[in-house]
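What follows draws every value from the coordinates through simple rules; no lab data is involved. Model, not experiment: these values are computed from the prediction. In this analysis, Cβ positions are derived from the backbone assuming ideal geometry, glycine residues included, and neighbour counts consider all displayed protein chains.
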Amino acid sequence: MTSPTSQSRVPKACDPCNRRKVRCNGQQRCQQCEHLDLLCTYTENRSLRSRKHSLRRGAVISKYKSANTKTTALTPLLSPPLAPTTSLQLSTSYFESLIPAYMTYVYPFSPLITDKEVRLSITKMNEREHAAFVYAFTAVTLDLTRSSQLTTKSSTPPISTQITDLMRQSVETQQPLVIGFRPSILRATTSIFIQMCAMSLGHYDLGFFYLREAISMIQMLRINDKTINAGLSTAERARRQRLYWQCFIHERFMSIVNFTPVTLPPHTQYPEEDEFMGADIQQGWTQVIKTFCMLDASFISLWIGDRTQVTASWVERKHRELDDALFGYYEAVDEDAVVADGHVELFAEFACVVSVVGTGDAVEIVQSTQAVFDEDLAEYDSCAWVIDDKQAVGDR
């Protein structure tokens with residue numbers, strides 16, 4: 001009598017599991033096929049299920065995957081030249097008409113790309129990097145001149161909408177960062193302009209992202225590498241130094257208005273003199289750098305961290321530094337063009353550099369910042385602050 005266990009067993013594994021010689025739970029779509037997204041089939045053809053017909057390890061998965069990918073076109077890593085866009089159709093003459101305003105309102109506080117280089121980028125808008133810069137250049141110029149002669153008529157879209165569209169177009173046009181990418185001053189400036197517009201529109205997190213992208217570009221350009229700098233002209237070396245300092249300034253401004261951390265230490269030197277840049281811009285730019293250098297690591301740490309560690313002597317010393325810096329700024333720059341009332345206070349100091357960061361709407365934020373300091377000063381003047389440096393002051 002034949003026992004039940006001696007009878008031939010009916011195979012329960014599906015075809016893919018049987019060929020791969022792995023455990024199968026025998027369900028209509030087994031666990032293995034479900035996990036690997038394979039077509040789960042069962043057949044009674046025993047010859048196909050024998051070991052000699054089994055495939056090498058991984059062959060079933062590879063065959064199935066390759067069959068699916070044949071119908072999908074591969075996207076090249078490096079994108080082709082810019083295709084015509086239907087969202088923004090702006091003429092070359094329109095871009096060129098903004099250059100005078102750019103040189104008046106943008107370049108003095110972002111002395112990186114000259115008017116000649118802007119014109120060159122306009123002629124090369126068939127290339128992604130140049131087109132992305134032109135859109136960002138247009139956005140930031142409109143942003144910093146929206147209350148002047150460039151204010152649009154009521155029949156046109158609001159300036160904020162135009163700026164948003166230009167920012168989006170710049171981002172979508174930009175060359176992706178892939179292996180083989182070559183960093184450039186132009187790409188870093190594009191990121192800075194997008195950051196400035198994002199801040200002006202109140203999108204601080206987005207502004208922080210693009211500022212960090214510009215800072216990453218600084219590292220990729222190896223701006224602090226003495227060997228590389230030795231082979232550059234004085235003008236190019238000075239421009240790279242200005243790029244570093246601009247990111248330094250913007251990073252600290254964002255830390256003040258949005259309580260974000262900073263990564264860049266002060267550069268080892270101020271920008272070298274550039275014969276292609278006016279002496280007034282050079283002098284004013286250097287003074288702004290000196291002002292923001294006062295926002296040192298201890299200041300930022302206290303500002304975004306634990307303010308109970310602030311001492312009265314520290315507050316007094318910092319205010320003296322700010323007063324001295326503002327006096328120096330008045331000597332370097334036309335005070336009527338910077339601060340109307342000329343109050344030598346912290347608000348005046350930060351208000352005079354709002355335009356440096358390019359955030360016209362940030363005045364309200366700076367006023368809020370000043371309100372915090374005013375409150376601290378009021379407590380100090382009323383003897384609410386503990387004078388002993390060893391004891392923390394304030395309730396923040």
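Label points 7 Å out from Cα along the Cβ direction at Tyr94 and Thr123: separation in nm?
2.2
Pull out the extension gain between Thr43 and Phe209, defined as 0.36 nm times the separation in residues minus the alpha carbon to alpha carbon distance; nm, one decimal.
Taking 0.36 nm per residue and subtracting the Cα distance, the gain is 54.2 nm.
For the stretch 30-42, just list the computed ³J(HN,Hα) in residue order, Karplus coefficients 6.51, -1.76 and 1.60, θ = phi - 60°, integers in Hz, with x standing in for Gly and Pro.
Along the stretch 30-42, the couplings run 5, 5, 5, 5, 5, 5, 9, 6, 9, 6, 8, 10, 10 Hz.
Highest first, please rank the peptides 133-145, 206-218 by the mean number of other Cβ atoms sitting within 10 Å of their residues.
Ranking the peptides 133-145, 206-218 by packing returns 133-145, 206-218.
Treating the beta-carbon of each Lys and Arg as +1 and of each Asp and Glu as -1, no other charges, what is the dipole magnitude of the stretch 151-267 about its Cα centre, to the nearest 20 debye?
380
Taking the Cα-to-Cβ direction at Arg29 and at Thr268 and moving 7 Å from each Cα, how far apart do the two end points lie in nm?
6.2
Provide the FRET efficiency to the nearest 0.05 for the Glu172-Lys12 pair, computing r from the beta carbons and using R0 = 51 Å.
0.45
Take peptides 194-201, 266-273, 287-294 and line them up by average Cβ neighbours within 10 Å, highest first, as a rough protection proxy.
194-201, 287-294, 266-273
Show me, for the stretch 173-189, the HN-Hα J-couplings you get by feeding each phi into the Karplus relation (A = 6.51, B = -1.76, C = 1.60, θ = phi - 60°), rounded to Hz, glycine and proline as x.
Going residue by residue, I get 7, 4, 5, x, 7, 10, 4, x, 5, 10, x, 8, 4, 4, 5, 5, 5 Hz, with x marking Gly and Pro.
What ranking, highest mean first, results for peptides 89-99, 162-172 when packing means the other Cβ atoms within 10 Å averaged over each residue?
Averaged packing, sorted descending, gives the order 162-172, 89-99.
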